[in-house]
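What follows is a set of notes on a single structure, which appears directly below.
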Amino acid sequence: AAPEVNEVTYTATDYLFNGPQFIPSGTTKFVLDNQGMELHHQQLISLPDGMTVDGLMAELAAAEEGTFPTGVNAAGGVSALNPGLSGTVTMDMAAGEYVMVCFVPNAEGVPHLALGMVKPITVIESDTPPVAVQASEVSIDMVDFGFAVTGAISAGTQTIDVSNEGEQDHEAFLLQLNPGATVQDFLAAFAPDAPPGPPPGKGLGGFQAIASGGGGSFTADFTAGDYALVCFIGDPNTGAPHFALGMIHEFTVQ
Ligand SMILES: [Cu+2]
């Protein structure tokens, strides 16, 4: 068979994923369409041999904040999107069992996966070879702990390569900031004591957490304004989120 990109679309609502459970292996373009009223993301997790979905949920609940249990690999996906937005991630999917979850908390701090956003996905071995990767003009290397961005992000639709060159899991959540707002202002809006109201920025997707050595690309529409890449993964050594250790990259699109 000739190499081709398999496109699969999932919708996120409050609080369910809808979309195909069975997809072929190979180069896969994941589209996530947020039709809910809250932020949602699509975190794929590779289900280890012998572990059930319920077993994974128990391990995730017991894991330290922002970390994946030992032996459980984060497998990418579309990062958090504001209501009404959609995002795209492309990556090579190996055959196997996966689970799609959303860790975004609701207003009471309950993660969406505990409210129903858990969807088992089976990637079935196919003979379609992966599509040869065409390098994008912009690439992001995620390291312990920072984002190394090569190339300039400009207005318009852009595809950006993402690669986890670090030892730990990393993600590249793409945030557009309201005029005058900072990343800290945005993060503060999710603190337990934050006043009600929308955060001063919007999630445009990006690349959800992926294990060391993994990667792919995401596509986003940029207009003039201030943006940031943020990683929310927890460092098991210090307990600090990666964004507090250097994984915030602010940039301006002209
Ligand atoms: Cu990180």
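Structure notes:
- Residue count, region 111-128 (criterion: open to solvent by 50 Å² or more (accessible area, probe 1.4 Å) and assigned to a loop (DSSP other than H, G, I, E, B)): 2
- Residue in region 194-210 that is nearest to the ligand (Cβ to nearest atom), counting only those that are among the hydrophobic types (A, V, I, L, M, F, W, C) and over 8 Å from Gly76 (Cα atoms): Leu204
- Restricted to region 1-41, the set of strands (runs of 3 or more DSSP E) holding at least 2 residues that are open to solvent by less than 10 Å² (accessible area, probe 1.4 Å) and out of contact with any Ser or Thr (no Cβ under 9 Å at 6 or more places or on another chain) comprises 6-13.
- Subset of region 130-150 that is within 18 Å of the chain's Cα centre (by Cα) and part of a loop (DSSP other than H, G, I, E, B) - its residue that is surrounded by the fewest Cβ atoms within 10 Å (Cβ to Cβ): Asp144
- Enumeration of residues in region 229-254 that are assigned to a strand (DSSP E or B) and over 20 Å from Gly156 (Cα atoms): Val230, Gly234, Pro241, Ile248
- For Ala74, the conditions (1) open to solvent by less than 10 Å² (accessible area, probe 1.4 Å); (2) out of contact with any Asp or Glu (no Cβ under 9 Å at 6 or more places or on another chain) are fulfilled apart from (2).
- Scope region 227-252; condition open to solvent by 60 Å² or more (accessible area, probe 1.4 Å) and touching a residue at least 40 places away in the same chain (Cβ under 8 Å); matching residues: Phe232, Pro236, Leu245, Glu250
The values are calculated or read from the model by the stated rules, or taken from the named source; none is laboratory data. Worth saying up front: this structure is predicted, and the values here are computed from it rather than measured. Positions of Cβ are backbone-derived with ideal geometry, glycine not excepted, and every protein chain shown enters the neighbour counts. Side chains included, ligands, DNA and RNA excluded: accessible areas come from the protein's heavy atoms. Shrake-Rupley method; radii C 1.70, N 1.55, O 1.52, S 1.80 Å.
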